[in-house]
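Q: Okay, handing you the structure first.
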Amino acid sequence: MEGLAGLALGIALVGLGFWTLVVRRNLIWKLLGLDVAAGGSILFLVALGYRPGGRPAIVGLGPGPAVDPLPQALVLTAIVIHFATLALALVYVVLLTHRRHTQDVRRLEAEERWPQP
Amino acid sequence: MAAALSGVLAYLAFGLLGLIGRPRLFSLLALAAGVATFSLWAPGFPEVLVGGLPWGIAVAGDPWTLGMWALGLTLHGAVLLHGRARKEEFHPLITLLIGTCLAGALSRDLFNLFVLMDLSSLLATILVVWERRERAVWAAFRYLVLTEVGLILYLMGLGLVYARTGTLSITALAQLGLGFSEPILAVGAGLLVAGTAVKTGVFLLGLWLPPAHDQAPTEVSAVLSGLVVKVGVVALARLSEAFPLGPILVILGALTGFGGIAYALWEKDIKIFLAHHTASQLGYMLLGLGLGMELGALLYAVAHGFFKGLLFLAAGSGVVQTGKREIKELAGRLSWPVAVGLGVGTWAIAGLPPLAGFAAKGFLSQGAPFWAKAVFSGLGIGTAASFSKLIPLLRPIGTGPVGGLAVLVAGVMGLGLGAFFFVPELREPRAVAEAALVAGVGYALHWPLRRWPLRFPELGLDRSLVSLLFGTLGIVILALFLR
């Protein structure tokens, strides 16, 4: 049951994040949506490794079946990667804000049609 | 195996050392180490689990790895030579990017591929904004956001496949032979393909590609289009070993081929034009993979790396030297080396004998069913028609720096002539006549097409995201339908 709830929550978060990413015009909001979606995908991965009644996958934590340790190992790497991506994207938002004085996608793209330097 | 891994390690280590100091020296050392290790493992090696059972990372030196290494090392040499005046961290970052791509070609593990694809996107966007131009920053932002969305989808697909099969190794998945037997697997494989297609820059899914390849500095455009995009193609080739992806890849290939050509046909800016053609040439590779002609797809990927790298280097140098970007305005202003580079590249991409494009297209159309040959001819005619625009540029004046153009001209000619002389099927008059006919029809068509230009909608960030999500939905539904 807990596994299923985790899966459903993960998918819901991914959907919510993508919705925010598409609908919001502000770049910071878009990145927040992206972060929520990334968090949802991580929760989804961890929940897929869940086994009913499983204990945490740490050696020496007592008897009984453990949850699948591999998704948790993968998730560690994925979290680092998402963090790096988000940080880099924020750097680009800072650069754009300094130059264009706006974080609105439509205004940024309208100015895109200016002639090339 | 040890040689290949130490080559990757040398690339990453020298790249990091170059960030501290002596950037060009360490990049040169990385290239030397790469060539040395490549010559050590060159005939290839069978699959090995690094780290042992049960969770080691599978690496193998198969033809795809060989091709990507040859392409990556040649491109690195050309870029080092061409951008030798570039300072600071430019060359170390290029070294790291190429090292990542070399590692990606070795890997046969779904998660490892995910990490390397994401790392290559991160490094690539840093290089795209290298000259700190506003438009380049915007292009890099789009690139980063779209590939991140694609890789979130990839991660979910990977989770589903792992939950069902308990393995992440391509070989183990292929041996299980489950295919799309269960809905979970079909959805998982669909998400994996969609994520990789976004990273590859397939039309309608990876619409980050045209602005990013257009705005990047000259050498970076060449590496992005020549090598980084190919990591995604390698990943798709690996995935098609594990899952029956044939129809999906054929549909994606036709879509990206004709979509890219439609946008390129009436494009006036030379770098955007070349960027749309990267998407269109991906069509050949995906169609080849989808039809099960792995060798043809591989040869096309390598040939495309050479001639598109050459075209981007030449066009970028021309744009930098003249300060103009419109094809019409560039005519009669280019220097000799740039014009020769553009000429050889155009000759090759149009598929005329005996250069690399002819050999690659010949390999693909051999053994293809009739309808696939018709699709290939259609793509060839479209490519030739849109590249006819570049013919007025071949009136050079004066001389200029040659740089890395010579390396890639040699690559295009070497690959093409080698295949032409060693494969007798390519020398048959019929193959030569077909290639000439396709290029001729394309050239003839470009006159009427130029008279009646079509306008396609501009593809901003939001539209690209929506088309990405709908494209993914389409792929997943198709995978479920194919079950």
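Q: Criterion first (more than 10 Å from chain B (Cβ to nearest Cβ), without any contact (Cβ under 8 Å) to a residue 40 or more places away in the chain, among the aliphatic types (A, V, I, L, M) and part of a helix (DSSP H, G or I)) does A:Leu45 satisfy it?
A: So A:Leu45 does not fit the description; no.
Q: Name the pairs whose Cβ atoms lie under 6 Å apart, with the first residue in region B:122-137 and more than 7 Å from chain A (Cβ to nearest Cβ), the second not in a helix (DSSP H, G or I), and 6 or more positions between them or separate chains?
A: B:Val128/B:Ala216; B:Trp130/B:Pro217; B:Glu131/B:Pro217; B:Ala136/B:Val129
Q: Further question: Of all residues in region B:262-308, how many are over 15 Å from the mean Cα position of the chain (by Cα) and of a type in the set (Gly, Ala, Ser)?
A: Count: 4.
Q: Now for a separate question. Have a look at B:Leu153, B:Leu168 and point out the one that is closer than 25 Å to A:Phe83 by Cα, crowded, with 19+ Cβ neighbours inside 10 Å and at pLDDT 90 or above.
A: From the options B:Leu153, B:Leu168, the qualifying one is B:Leu153.
Q: Please give the number of the condition B:Leu459 fails out of (1) within 29 Å of B:Leu245 (Cβ to Cβ); (2) under 24 Å from the mean Cα position of the chain (by Cα); (3) at pLDDT 85 or above.
A: (3)
Q: Test B:Ala163 against the stated conditions and say whether it is part of a helix (DSSP H, G or I) and either crowded, with 24+ Cβ neighbours inside 10 Å or more than 8 Å from chain A (Cβ to nearest Cβ) (or both).
A: Answer is no for this residue.
Q: May I ask you to verify whether A:Gly10 is crowded, with 19+ Cβ neighbours inside 10 Å, over 16 Å from B:Leu465 (Cβ atoms) and modelled with pLDDT of 90 or more?
A: Judged against the criteria, A:Gly10 is a match.
Q: When B:Leu119 is evaluated against the numbered criteria (1) surrounded by fewer than 23 Cβ atoms within 10 Å (Cβ to Cβ); (2) more than 8 Å from chain A (Cβ to nearest Cβ); (3) at pLDDT 90 or above, which criterion, by number, is the only one it fails?
A: With respect to (1) surrounded by fewer than 23 Cβ atoms within 10 Å (Cβ to Cβ); (2) more than 8 Å from chain A (Cβ to nearest Cβ); (3) at pLDDT 90 or above, B:Leu119 is out only on (2).
Q: Something else now. Which of the residues belonging to region A:70-99 are of a type outside the set (Val, Ile, Thr) and more than 9 Å from chain B (Cβ to nearest Cβ)?
A: A:Gln72, A:Leu76, A:Phe83, A:Ala87, A:Leu90, A:His98
Here's the yes/no breakdown for (1) closer than 20 Å to B:Ala237 by Cβ; (2) among the β-branched types (Val, Ile, Thr); (3) modelled with pLDDT of 85 or more; (4) within 24 Å of the chain's Cα centre (by Cα):
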{"position": "B:Leu5", "(1), (2), (3), (4)": "no, no, yes, yes"}
{"position": "B:Tyr11", "(1), (2), (3), (4)": "no, no, yes, yes"}
{"position": "B:Leu40", "(1), (2), (3), (4)": "no, no, yes, no"}
{"position": "B:Pro54", "(1), (2), (3), (4)": "no, no, no, no"}
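Q: Looking only at residues that are modelled with pLDDT under 80 and surrounded by 13 or more Cβ atoms within 10 Å (Cβ to Cβ) in region A:100-117, which one is farthest from the other protein chains (Cβ to nearest Cβ)?
A: Restricting to residues being modelled with pLDDT under 80 and surrounded by 13 or more Cβ atoms within 10 Å (Cβ to Cβ), the top hit is A:Glu111.
Q: Condition check: under 27 Å from A:Ala73 (Cα atoms), assigned to a loop (DSSP other than H, G, I, E, B) and not aliphatic (A, V, I, L, M). Does B:Pro43 satisfy that?
A: Here the answer is no, as B:Pro43 does not meet what is asked.
Q: Further question: Scan region A:20-34 residue by residue and report those that are surrounded by fewer than 19 Cβ atoms within 10 Å (Cβ to Cβ), within 10 Å of chain B (Cβ to nearest Cβ) and part of a helix (DSSP H, G or I).
A: The answer is A:Val22, A:Val23.
The values are calculated or read from the model by the stated rules, or taken from the named source; none is laboratory data. Quantities reported herein were computed from a predicted structural model and do not represent experimental measurements. As a convention, Cβ positions derive from the backbone with ideal geometry for all residues, glycine included, and neighbour counts pool all protein chains shown.
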